[in-house]
Amino acid sequence: MRLSVGVVKKALVIGGGVAGIQAALDIADGGYQVIVVEKTPSIGGHMAQYAEVFPTLDCPQCILTPKMVDVGQHPNIRLLTYAEVQRVSGEVGNFEVEILQKARKVDHTKCTGCGTCWQKCPEKVPSEYDAGVADRAAIYIPFAQAVPAKAVIDTEHCRYIKYLEFMEGEKEGKKPPQCRICERLCPAGAIDWEQEDETITEQVGAIVVATGFDLMPIKRLPEYAEDPDVVDGIQFERMLCPGGPTAGVVRRPSDKRTPKEVVFVSCAGSRDPEHGVPHCSRVCCMYLAKQAMLYKHAVPDGQAHIFYIDTRTTGKGYEEFLQRTMAEGTVYLRGKVSRIYRDGDKIKVMGVDTLSGKQVEVSADLVVLGMAMLPSVGTKDLAARLGIATDEQGFLTENHIKIDPLESTRPGIYLAGAAQGPKDIPDSVAQGSGAASKVLGLFAHSEMTPEGLVVG
């Protein structure tokens, strides 16, 4: 006689980007409870940072924000932002999960998101949402459409927190000011300095991991000079965005002038075993083509150049979009960039045009690097906690690359989006729904054997 265990019909989704959002909504719409854990103060992921999305040039906020709001308001979804999964035990159908809810120092039952606190906070630090192109306050919401639209205090940079640490002997140096302006001005009395980290324990039957990606840091490419006018794709995206820090007006970071000559470098780090990233990042050809097109729309008398190894446009409508970019005046140069360096107020980009066999040198005002997509920071540590495998690059490993692409190497834990490998938005959404269907299939049964066979 084989023992069986009941299936806990509640799911955990780790990651609040577009893949995690889709998975959570599909499971919740199926009638089951879902816990969404997102490590930043808001769901939305990288898609919320973009100016427009290829190949349709839709406004990403217009198509993503309704889904974000649905997650925040869905009766079957419990949203835990500013939180991280610490431990997972148990087996398929019955996992025990420990979640660390980090102290926000703001009572979210009182906060109305009015903005008084972050408008008056004197401490400014680089904004993660704006990729360092602009600053944010030490008390903040990441962006206007954030869900939840509630403030969080960055305890690493808050002047009053640093003052308390100094007075308790945890920090040395000059005594920081007490500040507490946010507390004095908050009309709702929501500031709570006594709030501490909290550990939440939950029982779930299935887990979807949708932790997304980060771009390779530019500093890993020493041949491309560190320069304020050499930026990565997300930074340039924020410059192009009408809702961004420059309201869509393209400015050079160094002197705020409009760049009239912009060079885009594809495969910056990707397909480059020398720098430890042999894989293709899949979306770089398309998003650089899109950015070149948007740059031409913003600066009609500007010139865009794209250095490329070869173009990979595998999605629906992608090749037609690339041809449109070329038709609108972007110059494509087939070759690898060897060096980028400052020359006065210009940035020299050196490479080889492999079609003509000639050396090419472009004097640019701004350089945009299509940096390699990597697993989001912390993915390997999370995978170890979950007991699932990763590949050499740190992407989560599927059970079988052909016939089991949604299941991890541990039964009951499913994969979605760029956590598994570089993906565009349509593939991420599709995989989010696919992972949700796996969870719904599991929840259609009431019991499981220890070997994972469904009965009843």
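Where a number appears in this text, it was derived from the coordinates with a stated rule and is not lab data. For clarity, every value in this text was computed on a predicted model and none was experimentally measured. No Cβ is skipped: glycine too gets one built from the backbone with ideal geometry, and neighbour counts run over all protein chains shown.
What to note about this one:
- Where N is the number of residues in segment 116-185, Cα Rg divided by 2.2 N^0.38 Å: 1.18
- When the trypsin sites (Lys or Arg not before Pro) in segment 1-31 are filtered for DSSP coil states and for at most 15 other beta-carbon atoms within 10 Å of their beta-carbon, the remaining sites are ARG2.
- Helix-derived mean residue ellipticity, 222 nm - over the chain, DSSP H n ≥ 4, -39500 (n - 2.57), to 500: -7000 deg cm²/dmol
- Linear extension gain, GLN86 paired with SER4, 0.36 nm per residue minus alpha-carbon span: 26.8 nm
- Cross-link partners of LYS10 among lysines (Cα-Cα below 27 Å; sequence separation of 8 or more within a chain): LYS39, LYS67, LYS102, LYS150, LYS380, LYS438
- Taken about its Cα centre, the chain carries a charge dipole of about 720 debye when Lys and Arg each add +1 at the Cβ and Asp and Glu each add -1 at the Cβ.
- Distant-in-sequence amide H partners of ALA151 (H built 1.01 Å from N, under 5 Å): GLY113
- Here the chain carries DSSP beta bridges of which approximately 55% are antiparallel, counting only pairs with both residues inside.
- Karplus (6.51, -1.76, 1.60) ³J(HN,Hα), θ = phi - 60°, over segment 261-273, in Hz, Gly and Pro reported as x: 9, 10, 10, 9, 10, 7, 6, 7, x, 6, 6, 9, x
- Length gained on full extension, MET326 to LYS219: 35.5 nm, using 0.36 nm per residue less the C-alpha separation.
- Over segment 306-370, the fraction of Cα-Cα pairs per 10 Å bin, rounded to whole percents and listed from the shortest bin up, is 19, 44, 30, 7, 0.
- Residue by residue, segment 432-440 carries 3J(HN,Hα) couplings of x, 5, x, 4, 4, 5, 4, 5, 4 Hz when phi is fed to the Karplus relation 6.51 cos²θ - 1.76 cosθ + 1.60 (θ = phi - 60°); x denotes Gly or Pro.
- With θ taken as phi - 60° and the Karplus curve 6.51 cos²θ - 1.76 cosθ + 1.60 applied, the whole-hertz 3J(HN,Hα) list for segment 73-87 is 10, 5, x, 9, 10, 9, 9, 10, 8, 6, 9, 9, 6, 9, 7 Hz, x standing for glycine and proline.
- Shape category assigned to segment 208-344 from the gyration tensor of Cα positions, a/c cut at 1.5: rounded
- Summed side-chain charge close to ALA304 - residues other than ALA304 whose Cβ falls under 10 Å, Lys, Arg +1, Asp, Glu -1: -1
- With R₀ set to 41 Å, the beta-carbon distance separating THR109 from ALA430 gives a calculated FRET efficiency near 0.65.
- Positive minus negative residues near LYS348 (Lys, Arg vs Asp, Glu; Cβ under 9 Å): +1
- Projected over all directions and averaged, the alpha-carbon convex hull of segment 1-124 occupies 11.1 nm².
- Divide the volume of the convex hull around the Cα atoms of the chain by the residue count and you get 164 Å³ per residue.
- Net charge dipole size for segment 116-185 [Lys, Arg +1 and Asp, Glu -1 on Cβ; Debye, nearest 20]: 340 debye
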